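Okay, so here's the structure we're looking at.
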Amino acid sequence: MVELRDVAKAFDGSSPRQIFTGLSLRVEPGEYVAVVGASGVGKSTLLNTIAGLEAVDAGDVIVDGVDCAHLDDEARTTFRRDRMGFVFQAFHVLPYLSVAANVALPLALQGLHGEAADARVHAMLEAVGLGGREASAPRELSGGELQRVAIARALVHRPSLVLADEPTGNLDPQTARQIVALLRETVKASGAAAVLATHSRAVAASADRVYRLAKDGLHPTSAADIE
Amino acid sequence: MTGIAARMRLWGDAARWSAQRAVARAVTGGLREALRGRSLLAVVAIAFGVALGYAVELVNHAAVSELNADLAVLAGNADLEVRGPRSGFDEMLYPTIARDAGVAVASPVVEVGVKLRDHDEPLDVLGVDVFRAAQINPALVAVARERVDALRSDALFPSTGAAQWLGVDVGDSVIVQAGLHDVALRVAGRAGADRAGRYAVMDIAAVQDRFDRGGRLTRIDLRLRAGANAEAVQKRLQALLPPGVDVAPPSSSAQATTRFSRAYRVNLNVLALVALFTGAMLVYATQTLSAVRRRPQFALLRTLGLSRRRLVMWVIGEGAVLGAIGAGVGLATGYLIASMALARFGPDLGAGFFEAGAAKPAAEPLSILIFAALGIGAAVLASALPAREAARAAPAAALKAIDADVLLPAATNRIAWLLIGVGFGMAFLPSIDELPLFGYLAIALILTGGILAIPAAAQAALSRIRAPRALPLSLALAHLRATPGRFAAMLAAVVASVALMVSMAIMVTSFRQSLDDWLRVVLPADLYLRAGTDSAFLSPRDQQVIAAIPGVARAEFMRVTSIIVDPSRPRVVLLARDIDPHDAGARIALVGRDIVPAAGAPPPVWISEAVADMQHLTAGAAMTLPIGGRNVAFTVAGVFRDYARQQGSIVIERARYRALSGDDAVNEAALWLAQDASVAAVRDAIARYSGGRARIRAETPASLRDLSLATFDRTFAVTYALEAAAVIIGLVGLSAALAAQTLARSREFGMLRHVGMTRRQIEAMLAIEGAVLAAIGVAAGLIQGFAVSLILIHVVNRQSFHWGMSLHVPWLSLALLAVVLLVLATAVAAASARRATGIAAVRAVREDW
């Protein structure tokens, strides 16, 4: 379960900028939520805030009952490692690891190795349609396949929360549709909650709930309202 | 209509021009960016190599010009020069030569290295017949207030340079040593040349009389009659001359001297080229890593229509710009270094090959062009592979930026081992014109091949390591295994510089240890005496007195002189010493087998390695030596090591030399003391006898050894500094490459931070990568350095200087060097990792290319 209460975030620097204030959100386990908004509005910052990668200026961020703001960097990292999975627009698959090794990364970070890890990786790759491609190198894969690897990596360690940032931003429409369906299907199957940042109507349409991000917080909307 | 068409054509041209400018901006943006960072280091490295090379060239050029100018002054208008051994030849030859139909003027000269009371170095004094010298060589004519002074036996006429060196003026006295006695000479004027060369002139009879050269000449300068055929006269006179006396144009003696120092000069130039090689490796690393980083940009440009050929030209052009800047800076720096070196150390950089006055570097256009071309050429060559890599990358794949490694040609490893094999083969080839050109080529090939072999060799080694469970370690190894081309590029400069430092360290240690071993063999006595040069010697009576000094159990004496064995080379040192032919190894450092000539065979001589190499002789061979005006047959009884006399030396039994030459004086002595005798007491007794400690220098073997090793260390100090500079440049290059790569991988670290890798784990991963990289670099450098050291010891030194030496590896120093490099590289990697794992990396996962 994810709960954000009156969260505010601003960026310092040469031109200080208030990203959002008074932002509240509650996502129950198994819920699939999309956050939409124009480019630069702070969707990625919101995801980073939930992940504990960006500190908030005000408010609380509670994930699975834990207020991440009160954890040190080491503890936040461990928490993120165990409870969260990530899907990025640019895939971020390590080119020097095989497909299986990329998917196994979160397990290795948790200290899970050997046959048990291999079985989980194998099952996850089967689930995303990449069964038999364990030994392939990333350069041999298409964009859609790379995003499937990223989805497998996000779910292989059975997180309670999946954060996806523009997961179809680098894909053609047909591949994007397949990935949207796959992401929802696998996340739902895992029982995890998911928060997706997107400006894609198709991605938003796959969500249980859709919010528009603005400076004054999140406002409920629907995929149909997305231009 | 025509106007509209022309306008449209203009618009078309403008659009094309604008597009081309956009492309140019995109590509040169890389250059501008590069010049701000890592490439600056490559420019510095190129500048370092060019500066060293150009400085050495300027100094060499100044040295040879000075020497030739001095010799030209001393030779004057002579067409030919008769010269003999240092001990001279019979003056009765003079009338024979002077009467030759082709000779217009013959000017006899006696050259003596005179020992001075107040200076360690001797002064060359030339005894001349002032009337004849005036017709050939004004530089040897005394300029005196009273003309009759030129004929007085106590009158000395120093050159301007000698007067400055001695600090004397007209009217002052100069105390010189003749035998064991002081002689006061009066400065009566100047030698008539305005050059700074250091010599003095006296009346010929005075020199013969005062310095025991009665009836001897060392040189006769000849001016030929108008229309005389110089070659015919030379041939005719040569037939009249006894063995060991030669007639040749004066330029040949300059050639012999410059030839003698040539190997030293070429070696210095090669050392500079080595620095340039390190610079080229840095350019290679910079350009390769930059090409990988800009691969998507290049791919875009290729997609937009930039031809492969043009892209190659762009990347090579970038290299040329780096090379040109480096060469420009290097040339200016080289000129400054040369000016300072000439002012501080003189034209021979303190090597002692020849004596010359103040010299200034002369910037010759040809030299400037050559060194500029070397700097630019090195950078262009180093950019060729990266340019190929940039152009080869398939645009579609490159746009995805998924392949992290440098694309190496498939045949790289085969080419690498071929270069190494050919390099080792070349090490066995003989010198060309006495220069170890194949040795140098072998070193270049082995270094290049060694660097090209790193990717495959390292990948093979890394693949043998089982994947560890610790994530930082396993990720670090996975990254290194997958990117051999990239890390080989990063390591190129550091491998080259470490290899060169290691090779020089092994060579210098081997040389130093061999010198130490040699000193132990050649200094078996308790006390060594040296009277000095030509003018200072020990007569038979002196020898008797010294041998009879209380406390002296045994005395052995040695006459040091020199003879002409080959007219095209400097004189060879002849050491007439007390030596037992059945146990020669007790006095000289024999190498290889030695023999005792059979009964009836010519008597023995022992030759140094230099003479053995130059005359192609081994133990048992026959040779003739010009002694006492005739050729005498000898048997080479053995070859010995002589680090003191690079021009070569020959040992002959003193009794035999005395019988052949009639010369019974000696310059040096070795004393073995009685068990209860004190070194100090014997020294005092010698000083009392000779009238002062300066007249006969008495040194213990320990002090001679310390002095020799201190001189050795001083000579090689500059080399150490140059090597250290090369390694620092290489290491900074590696550090800069590591830092740049870390920054380039920030999105990777951002992803790893997202999925739960701690900053410490990422830092550990990068530190491990840095450590493994440094370990590979140091290991490759050590292996290549060892191989190169064998070539330096057994090929380059042997062929350049004819010095044999045994291999000694400074294990401790090398281990220390390896540890320092490992620690530094690891620390740099860890430091750059700390900068690369912050919030910027987290945000970088959003960045598109």
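Do we have B:THR635 as β-branched (Val, Ile, Thr), farther than 30 Å from B:ARG835 by Cβ and either touching a Pro at 6+ places or on another chain (Cβ under 8 Å) or within 14 Å of chain A (Cβ to nearest Cβ) (or both) here? Full working, then the answer.
Values: β-branched (Val, Ile, Thr): yes; farther than 30 Å from B:ARG835 by Cβ: yes; either touching a Pro at 6+ places or on another chain (Cβ under 8 Å) or within 14 Å of chain A (Cβ to nearest Cβ) (or both): yes.
Criteria met by B:THR635.
Pairs needed: first member in the range B:318-338, at pLDDT below 90; second member anywhere, of a type in the set (Ser, Thr, Tyr); C-beta distance under 6 Å; at least 6 residues apart or different chains.
Correct list of pairs: B:GLY319/B:SER383; B:LEU322/B:SER39; B:GLY334/B:TYR54.
For the range A:117-130, does any single residue satisfy the condition of being of a type in the set (A, V, I, L, M), in contact (Cβ under 8 Å) with a residue 40 or more places away in the chain and more than 9 Å from chain B (Cβ to nearest Cβ)?
Yes.
Which of (1) at the interface with chain B (Cβ under 9 Å from one of its Cβ atoms); (2) out of contact with any His (no Cβ under 9 Å at 6 or more places or on another chain); (3) not basic (Lys, Arg) is the odd one out, the single condition A:PHE86 does not satisfy?
Status for A:PHE86: all satisfied but (2).
Filter the strands (runs of 3 or more DSSP E) completely within the range B:606-658 down to those with at least 1 residues that are crowded, with 21+ Cβ neighbours inside 10 Å and under 25 Å from the mean Cα position of the chain (by Cα).
Per the criteria, B:630-641, B:649-653.
Could you say which residue among B:ARG186, B:ARG132 is modelled with pLDDT of 85 or more and either part of a strand (DSSP E or B) or of a type in the set (Phe, Trp, Tyr) (or both)?
On inspection, the qualifying residue turns out to be B:ARG186.
Considering only residues of the range A:131-152 that are touching a helix residue (DSSP H, G or I) at 6+ places or on another chain (Cβ under 6 Å), farther than 14 Å from A:ILE179 by Cα and modelled with pLDDT of 90 or more, which is nearest to the other protein chains (Cβ to nearest Cβ)? First the steps, then the outcome.
Looking only at the range A:131-152, we keep the residues that are touching a helix residue (DSSP H, G or I) at 6+ places or on another chain (Cβ under 6 Å), and these are A:131, A:133-134, A:136, A:144, A:147, A:149, A:151-152.
With the extra rule that they be farther than 14 Å from A:ILE179 by Cα, the set shrinks to A:131, A:133-134, A:136.
Of the ones still in play, those that are also modelled with pLDDT of 90 or more are A:133-134, A:136.
Values: A:ARG133: 15, A:GLU134: 15, A:SER136: 12 Å.
Only one residue fits best here, namely A:SER136.
With the structure loaded, tell me whether B:SER708 is among the hydroxyl-bearing types (Ser, Thr, Tyr) and either surrounded by 14 or more Cβ atoms within 10 Å (Cβ to Cβ) or in a loop (DSSP other than H, G, I, E, B) (or both) or whether it fails that test.
Judged against the criteria, B:SER708 is a match.
Which one of B:ILE768, B:ILE762, B:ILE729, B:ILE776 is in contact with a Phe, Trp or Tyr (Cβ under 8 Å, 6 or more places away or on another chain) and closer than 30 Å to A:CYS68 by Cβ?
B:ILE762
What residue, among those in the range B:739-794 that are in a helix (DSSP H, G or I), within 30 Å of A:LEU155 (Cβ to Cβ) and among the small types (Gly, Ala, Ser), is modelled with the lowest pLDDT?
By that ranking, first place goes to B:ALA744.
Please specify each residue of the range A:28-63 satisfying the condition of being under 13 Å from A:ARG80 (Cα atoms) and within 14 Å of chain B (Cβ to nearest Cβ).
Result: A:LEU47, A:ASN48, A:THR49, A:ILE50, A:ALA51, A:GLY52, A:LEU53, A:GLU54, A:VAL63.
Tell me yes or no: at least one residue of the range A:95-114 is more than 12 Å from chain B (Cβ to nearest Cβ), surrounded by fewer than 17 Cβ atoms within 10 Å (Cβ to Cβ) and modelled with pLDDT under 90.
No; the residues of the range A:95-114 include none that is more than 12 Å from chain B (Cβ to nearest Cβ), surrounded by fewer than 17 Cβ atoms within 10 Å (Cβ to Cβ) and modelled with pLDDT under 90.
Please verify whether the range A:154-176 includes one or more residues that are within 12 Å of chain B (Cβ to nearest Cβ), among the charged types (D, E, K, R) and either surrounded by fewer than 16 Cβ atoms within 10 Å (Cβ to Cβ) or part of a helix (DSSP H, G or I) (or both).
Within the range A:154-176, none of the residues are within 12 Å of chain B (Cβ to nearest Cβ), among the charged types (D, E, K, R) and either surrounded by fewer than 16 Cβ atoms within 10 Å (Cβ to Cβ) or part of a helix (DSSP H, G or I) (or both).
Give, as residue ranges, the helices (runs of 4 or more DSSP H) completely inside the range B:471-570 that count at least 3 residues that are among the aliphatic types (A, V, I, L, M), buried (at least 19 other Cβ atoms within 10 Å of the Cβ) and out of contact with any strand residue (DSSP E or B) (no Cβ under 6 Å at 6 or more places or on another chain). Break it down into steps so the answer makes sense when it comes.
On the way: elements: B:471-482, B:484-522, B:540-547.
Once the helices (runs of 4 or more DSSP H) in the range B:471-570 are filtered for at least 3 residues that are among the aliphatic types (A, V, I, L, M), buried (at least 19 other Cβ atoms within 10 Å of the Cβ) and out of contact with any strand residue (DSSP E or B) (no Cβ under 6 Å at 6 or more places or on another chain), what remains is B:471-482, B:484-522.
Is at least one residue of the range B:432-445 under 25 Å from the mean Cα position of the chain (by Cα), more than 25 Å from B:ALA610 (Cα to Cα) and surrounded by fewer than 20 Cβ atoms within 10 Å (Cβ to Cβ)?
yes
Every residue in the range A:64-82 that is buried (at least 20 other Cβ atoms within 10 Å of the Cβ) and more than 7 Å from every other protein chain (Cβ to nearest Cβ), please.
Hits for the range A:64-82 are A:CYS68, A:ARG76.
Output the residue which, of all residues in the range B:795-819 that are of a type in the set (Val, Ile, Thr), farther than 19 Å from B:GLY777 by Cβ and in a helix (DSSP H, G or I), is modelled with the highest pLDDT.
B:VAL795
The values are calculated or read from the model by the stated rules, or taken from the named source; none is laboratory data. This one's a predicted model, so the numbers in the text were calculated from it and none came from an experiment. Glycine gets a Cβ as well: all are built from the backbone with ideal geometry, and neighbour counts include every protein chain shown.
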